[in-house]
Structure formats: C-alpha cells, structure tokens
1. Are there helices (runs of 4 or more DSSP H) fully within segment 102-220 with at least 3 residues that are of a type in the set (Asp, Glu), over 23 Å from the mean Cα position of the chain (by Cα) and at pLDDT below 90? List them.
2. I'd like the full set of residues that are touching a residue at least 60 places away in the same chain (Cβ under 8 Å) and not small (Gly, Ala, Ser), limited to segment 21-35.
3. Can you pull out the helices (runs of 4 or more DSSP H) entirely within segment 1-95 that have at least 2 residues that are modelled with pLDDT under 85 and buried (at least 20 other Cβ atoms within 10 Å of the Cβ)?
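The values are calculated or read from the model by the stated rules, or taken from the named source; none is laboratory data. None of these values were measured; they are calculated from a predicted model. Neighbour counts are summed over all protein chains in view; Cβ atoms, including those assigned to glycine, are modelled from backbone coordinates with ideal geometry.
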Amino acid sequence: MRAQPPATRPTWVTILGAMMLLACGSSLVSGLLKLSDPGVVLPAKTPERGAAQDAAALPVLDADLRLKLAAAQSATLSGHRTAVRIEALIEVALALFGLYATAAVMAGDRHGRRLALLTAALVIAYLLGCLPLYLALMRDYADHAALLLAAALQGAGRGTDLPAAELAQAVRSAMIGQPIMVSVVGVAWALVLIGFFGGRRGRRLYGLEPAPGPARPDVS
C-alpha cells in the first residue's frame, strides 16, 4: 500500500517535529564546531590557539595547570584529530538529512514517515558506529588529564573531601561514561521516532492502515 499525505497533523507529530528540528540543528552546529576545532569534544576544553587564549578559557586554573591541561589535550588529539573530523563530516551530513526529513514531516509530505524512520535508523547506526572512537578518545584523555582535572576541581573547592587519587578515578569514570550516556540517550530518542512513525499511529496517519471505525452497538 502506498503512503498518502496526512490529512491532519496530530499533536504528537508537531511535538516530534519540533524535537527533530532542535536535535538536528544542534547536531549541525556541533559537527561544524568539531570540523573547525576537534578539541571541542574534550571536557574542560582549551582552544588550540595558544596559551594566552587557554588562560582566558580557564580563568579558575593557575597558569601551570592550564598549560599542563592544554598539553594533555594536544597529546590526546594528536592520535584522534583526523577521526574526529571524519566523524564531524558524517554528523553534519546526517544533521542536514534530518532537517530535510523534519521539513517533510512538518509539511505533510507523503514521504515524511519513511524519511523519519530512515533518520532514526541512521542516528542509531551513527551513534553505535562512533561510540568506539569516543570511548578510545576519552580513555586517552583520562590517562593524560584525569589527575589534572581532579586538581582543578580541588582548586575550585570541589571534591576536597576525597583523596586526589579517588577523585581522579571518579573523574576518569565520568569521562569514559559520557559517550556511553550520549549514545544511550540518542538511541532512545531514535527508538521513540520509530515507535511513533513506525507504529500504528504512523501507519494510520499516512494511510497505510485503516483508522478504527466507530464501535458497533451491541444488539444481542
């Protein structure tokens, strides 16, 4: 059966369309920033444009700690910069496709459902495909910078009740857990799209399944 343009726009389509627009727009900006400077993927990022700007970016740290953190970030990125830029290109392309799908959904195009489902599938593939890269990146960064970030937290009066080694381990766990959490949230969001557009609501909206008729009275 061929999909038909929706005759109405239910509230769930408007909400999901707005969320798709927000998510794809944010992803587009993120991808462009990573293309310009791969260092933005690192927590407590310092610019790659010299120690003077590093100092402006992290004013709460003393000069020696700022320089050590900048060196740790440069050392981490040295082995991942190209991979991050390739991932950023994929993210930009996926974001643009997602914006196209969003426009189709919001305009009531008969291909909107198919494009939304394809976007969700691509998002899942992208997130799972990029997860090993970000896990490796964060492990490397934790090896270089966990102790430095722990010292920065303690210098700012946070985590002072923990020994430096324990705080560094907590920082390391948080850093490595970050890409996992991002992937879990992103996959969950994609599954929501699949659940609505691929489910009965979506099939009925696009004419792939007849809407339920009025209940017949019981004449027995």
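1. Details: elements: 112-155, 164-197, 200-205.
Per the criteria, no element qualifies.
2. Leu21, Cys24, Leu28, Leu32
3. 63-77
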